[in-house]
Each structure stands twice: as C-alpha cells, then as structure tokens.
Amino acid sequence: MPSDFTHELQETVDLARWAPSSHNSQPWTLIHIQERERANALLGEALQEGEQCVVLALNSARKLKALESLEIEMLMSCGLFLGLFCMTLGAKGHDWRLRWLCEDEKGAALTALEQEHGCLALTAVRITPDSIKPVIDAEAWRRLVLQRRTHRGPFNPLRISDDGLQKLLARRWPLSLTGEHLLMRVERDPATIRRAAQLVKQYAVLDFANYKAWRETYRYIHFSLEEDAEDGFYLQSLLGPQSKWSSLFYRCLLAPPVMQALRPFGAPQRMADQLGALVEDSSQLLFCHLGNEHMTPKALTQAGARLMEVWLNAQEQKLAIHPASVMLQHDQARIEIERLRDENGRMIFFARLGAIKEVFDKSPRRKTNGIIAAG
C-alpha cells in the first residue's frame, strides 16, 4: 500500500467512522484491495496508474442478529458510513466512483473476498487521488461531521419553518451515492404526532419484553463513562448524569433476566411509556419509506447515504434526529406506524426531529485501524 494513500485512507476513515448506526454497532468493514488483478476483477475495469480500490462490506461478526428486520438497519448503517466516506474523499480532492457489487453475480473474486473477510460486499469504490477541486471546505466539513450526535433526550419545542424544511431535505450529494428511491416526509401535525406517540407506548414494549432482542440491546449499553468501549452508547446519553450507585442500580434493573422477571409488574411498559412521552413532546417526526420493489441491498445502502445527507443538513440548522427504530423491528408495530402516513412501500426509518437542547458529547467509536482491512 503506498504510504501516501495509507495516510489519506486513514484520515478519511477517521472521520467517516463518526457515522451513526443502529445501537452504534458500526457494522462496516472497509477492505483496501492491494492486488491489482483482484481490484480490476471487482471493478470490472482496469485501474489506472495511481488509482486505488476499496470495498465497503457489511461485517457479519458485528451486525445485529436478534431480529430478521435488523438486516435493514445494518445495510442502512453501512450506507451512512459510505456517505461520509465518499464525501470526505471529495472534500480532500479525491475523485471516486462506485460499482455496486451486491447487484453482481458472485464471481470468483467476489466470493473469495467475502469468504476471506466474513462479510457481505456492498460496493467497490474506485478512487483517483488528488484529481478534483474540492467542492466544500475540508475544515468546515470536518467540524460539521464531528459536531453531529444522536440526541436521545428531550428536544427544544421548535417547529421547523417551511424554509428550514427545504434546507433539511435539500439534495447536494451525487445520486450515484444516495439513490432516488427514498421517500422522506416530515410530520408537523400535532394530532398525528400524538397518535404516533400512542403507538410507541403501545408497541415499543414488544422490544423491551423480547428476551432475545433486549439481550442484544443490553450488550450495547455502557453504565459508566469510565468503561473502555468502542461501540454502543452510555446510559448517561439516555438518562443524563448518573451517580455511581444509580448506574449500578440501572445495570441490575435492565439486565435481561431481571427485565423478564419484572414483566408482570409492568417494567417494560414503563420504558415504552417513557419513549412514547419523548415522541409526544417532539415538534416534528421524520418518516422514510422505500417502495417494496426497492428493498434491495443497494437501495437500502443508498437510503442510508441519503439519510446521512439529511442528518448533516439537520446539524447545520442545530437540529437533532433520534431514531425510534423499535417501531420498525416488529411487523405489527411497523404496519400501524405506516398507516399514519399512508405511503406506498415499507417504512425503513422513523425518528424524532427537533432542536438540540443538551449535548452529550461522549460517543464510543471503533479505532480506524480496526475498520480498514487489507484485501
């Protein structure tokens, strides 16, 4: 690997790794293809002098598996990362093009790569270093990416203006990255928001009461800021500052066997009610749909990239997005929440949207060298 490109790749991934993901599981791997023949086979064309090839893949060992529906969130999570990765390349003056491997028949090179790394290869990125004039300021871009967080607490009661809504949904990134199929709607009607909150209170209990799903979620909760973590989220980002003893209390209370034992006493329902209350206090909600004919790995990954674009548009306006994906992980709940918008296709993202009230800054991330693999 050329030393100059090694540095550029590491710098790019160092920023892209701050993409959000379901449970902050960060289920992506980026494979740098160093063998020229292998790169040419994956790209379907020959690399030119100085060009590089990397492959974005869904890491089978890191993805959430408790529910079949989580596969959608894993692919979208990889798309969120891909969006930051490609746009960071552009901010550094590197041109890039995508070839969607997940749509190709699996030839020998692709099959061998997936077996070698235990992954599902999604797209190959062909990179031509230092070949374009950056369209955005690299330092301003870096600040924007690093400022973005997933805010899980209350929002300020700010209703987005029509002008703000246009800026939120504005398209600036290439369609080859974001696709054209994701339908995004912002709901500002108070009655619809109240109805959505009622559904969350009714159905979110399915996840908290599901032993397999909650056991997987519990693994991603860190109860002390002193924990050395690379994924998941801290209890404090949910409940605010905690003492040592309150953190210990919640560590015991939320343990899956304890939660199961407390089901007859309504503990899962109280947790669902708390999430529902946050939804009810929101000034707007974000609904995202894909047509049933577009529920493919490529379209879902592109949908994640499009969502990343909107998430950064929100950050520019000091707005926060908090996914309530529990409503999409169980068919009964998803069908009910879909009826609120009466859109064709399947809802793949549902979130609170509002003005940032309090910033919780600590968020675990995988080390850069742990994301990049040699291929």
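The values are calculated or read from the model by the stated rules, or taken from the named source; none is laboratory data. Every value quoted in this text rests on a predicted model; they were computed, and no experiment measured them. Because the Cβ atoms are built from the backbone with ideal geometry, glycine has one as well, and the counts that use them run over all protein chains shown. SASA here: full protein model, heavy atoms, side chains in, ligands and nucleic acids out. Shrake-Rupley method; radii C 1.70, N 1.55, O 1.52, S 1.80 Å.
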Expected output for region 156-177 (first residue closer than 30 Å to ARG99 by Cβ, partner aliphatic (A, V, I, L, M) and modelled with pLDDT under 95, Cβ below 9 Å, 6+ apart or cross-chain) is ARG172/VAL135; ARG172/ILE136
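Is it the case, given these coordinates, that LEU158 is at pLDDT below 95, open to solvent by 80 Å² or more (accessible area, probe 1.4 Å) and aliphatic (A, V, I, L, M)?
The answer is yes for LEU158.
LEU290 - would you say it is open to solvent by 60 Å² or more (accessible area, probe 1.4 Å), hydrophobic (A, V, I, L, M, F, W, C) and within 30 Å of LEU158 (Cα to Cα)?
Details: open to solvent by 60 Å² or more (accessible area, probe 1.4 Å): no; hydrophobic (A, V, I, L, M, F, W, C): yes; within 30 Å of LEU158 (Cα to Cα): yes.
So LEU290 does not fit the description; no.
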Being part of a loop (DSSP other than H, G, I, E, B) and either more than 25 Å from the chain's Cα centre (by Cα) or surrounded by 15 or more Cβ atoms within 10 Å (Cβ to Cβ) (or both) narrows ALA213, ALA229, ALA197, ALA191 down to just ALA229
Tabulated pairs, region 250-274, first farther than 20 Å from ARG219 by Cβ, second modelled with pLDDT under 95 and surrounded by fewer than 16 Cβ atoms within 10 Å (Cβ to Cβ), C-beta under 7 angstrom, 6+ apart or interchain: none
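Residues in region 113-134 that are closer than 13 Å to VAL55 by Cβ and open to solvent by 40 Å² or more (accessible area, probe 1.4 Å): how many? Quick ask: steps written out before the conclusion?
In the first step, residues of region 113-134 are kept if they are closer than 13 Å to VAL55 by Cβ; the result is 113-114, 116-117, 119-127.
Keeping just the survivors that are open to solvent by 40 Å² or more (accessible area, probe 1.4 Å) gives 116-117, 120.
Total satisfying the criteria: 3.
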